[in-house]
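The values are calculated or read from the model by the stated rules, or taken from the named source; none is laboratory data. Quick caveat: nothing in here was measured; it's all calculated off a predicted structure. Reconstructed Cβ throughout: ideal geometry from the backbone, glycine too, with neighbour counts over all protein chains shown. Note: accessible area is taken over every heavy atom of the protein model, side chains too, but ligands, DNA and RNA are not part of it. Shrake-Rupley method; radii C 1.70, N 1.55, O 1.52, S 1.80 Å.
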Amino acid sequence: MSTYKGEKLNIEIYGTSHAEKIGATVTGFPRIKVDTNYLNEVMKRRSPSSGIFSTKRKEPDEPIFEKGLNNGVIDGDFEVVICNKDVKSSDYNSLYAKPRPSHADYVRYLKNGEKDYRGGGEFSARLTAPLCVVGAICKQYLFENYGIEVLGYLSQVGKVKGKSYKESLPTKEEIKKSYCEFPAISSSKEMLLEIEQASKDGDSVGGVVECVVYAPPTAVGGSLFEGLEGKISNIVYSIPAVKGVEFGLGFDLSAMRGSKANDPLRIENGEINIVTNNAGGINGGISNGNPITLRVGFRPTPSISVLQDTVDLEKKENVQIRIEGRHDSCVAVRAVPVVECAVAIAILDAMLGEKNQ
Ligand SMILES: Cc1cc2nc3c(=O)[nH]c(=O)nc-3n(C[C@H](O)[C@H](O)[C@H](O)COP(=O)(O)O)c2cc1C
């Protein structure tokens, strides 16, 4: 079980990859009539059953509300479950006591002596399904009540770079159009080739997901531990395989001079505007009104069929393994809606925590 204790929202995500079911219990959610069509749309993007990026593990990921949904309305606390239907534990028989390099297998052994790694247990990306249910409802709430939209897209796959907000902010329409097939705004073909090539080689590639919060709330967050970047990163880092998060120009700012990095203020038509957005919409941990922009770096999928060195924890000897089974060659592709959902949870919770909300 993994627990998020937020300002107002508390979320517990439970279950394992090969358990009968996984789920989430949530407390403190504001009143909302759940749009099930929208919820299913988001869930489908995380786990498409057909198309170029259908997952090899076929899971309908149908959320069932066990508690807290009355006449379609949530008001406070709820519990949602998703059944694991397409479990194939035999894929992991040959891996017993042989931790997959860079997966969570070895640290799981260090923590509780576990040597059976079927499906990655509670570290599996299956657990992002309940996270997406909660996040999708947050996305709906943010849009319906404040017009805030949290949208993501793939900006890089392996060495192939596509459109980035660092050059120019994409329009919401550009991003939404990309959801039909492959979630990148440009260089889709090249990205697909990069993934196909890695897959043919029995290997995997990483990627970068960019996320933009359009029409964000202003003046949300605070100094030090209250900072909005920290609140967002906290949930984004809960997504498996995330190894980096940067806001605005992020690490590029370190190579710039202040005179180029600073975002000037100007009054236009009687309104104060921040002219550029190098800071990604947050200064001093507080949202400044510009779109919040962030980049999330995903590592290549750890489970690959290229021969790798590991150890046999029972025999205490060096061994080599080849990981077969139904693994994504680039986890960043299916992670796009997961990033949106994680960011939406953080933004809504930060807003609910503001004294004037
Ligand atoms: C949407 C998604 C799908 C994933 N699919 C796989 C997979 O098929 N095989 C795998 O080894 N890892 C997969 N991962 C990544 C692992 O879960 C992750 O690398 C592992 O739990 C170790 O955590 P860490 O990379 O954050 O250290 C996936 C991650 C995400 C977000």
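Quick notes
- Across the options ILE82, PHE182, SER303, the greatest Cα extent toward the positive end of the charge dipole of the chain (unit charges at beta carbon of Lys, Arg, Asp, Glu) belongs to SER303.
- Unit charges on C-beta of K, R, D, E only; dipole of the chain, Debye: 500 debye
- Trypsin sites (Lys or Arg not before Pro) restricted to DSSP loop in the stretch 301-356 with at most 15 other C-beta within 10 Å: LYS315, LYS316, ARG322, ARG326, LYS355
- At least 24 Å along the helix axis (C-alpha) and Kyte average at least 0.0, DSSP helices within the chain: 128-146, 331-353
- Computed log10 I(q)/I(0) for the stretch 2-353 at 0.07, 0.10, 0.13, 0.14 Å⁻¹: -0.31, -0.63, -1.05, -1.20, from the Debye equation with unit scatterers placed on every C-alpha and solvent omitted.
- Just the protein heavy atoms count here, and of the accessible area of the chain at 1.4 Å, carbon and sulfur take up 49 percent.
- At an R0 of 45 angstrom, the distance between the Cβ atoms of ASP86 and SER223 translates into a FRET efficiency of 0.45.
- Projecting the Cα positions of LEU228, VAL245, SER259 onto the charge dipole of the stretch 212-271 (unit charges on Cβ atoms of Lys, Arg, Asp and Glu, taken about the Cα centre) puts VAL245 furthest along the positive direction.
- Summed side-chain charge close to TYR14 - residues other than TYR14 whose Cβ falls under 14 Å, Lys, Arg +1, Asp, Glu -1: -2
- Accessible area expressed per residue, the stretch 2-353, with surrounding protein chains retained (probe 1.4 Å, Å²): 47 Å²
- When you count the other C-beta atoms within 10 angstrom of each residue and take the mean per peptide, 205-218, 68-81 line up highest first as 205-218, 68-81.
- Here each label is just a point 7 Å from Cα along the line to Cβ, and for LYS159 and LEU265 those points are 4.5 nm apart.
- Linear extension gain, CYS180 paired with GLU20, 0.36 nm per residue minus alpha-carbon span: 54.5 nm
- Compared with the direct C-alpha span, the chain from ASP116 to ASP203 gains 29.0 nm at full extension, assuming 0.36 nm per residue.
- Summing +1 for each Lys or Arg and -1 for each Asp or Glu among the other residues whose beta-carbon sits under 10 angstrom from that of GLY297 gives +2.
- For the stretch 204-222 and the stretch 256-329, distance of Cα centres in Å: 10 Å
- Filter on LYS33/LYS176; LYS85/LYS315; LYS159/LYS243 - keep pairs with C-alpha separation over 25 Å: LYS85/LYS315
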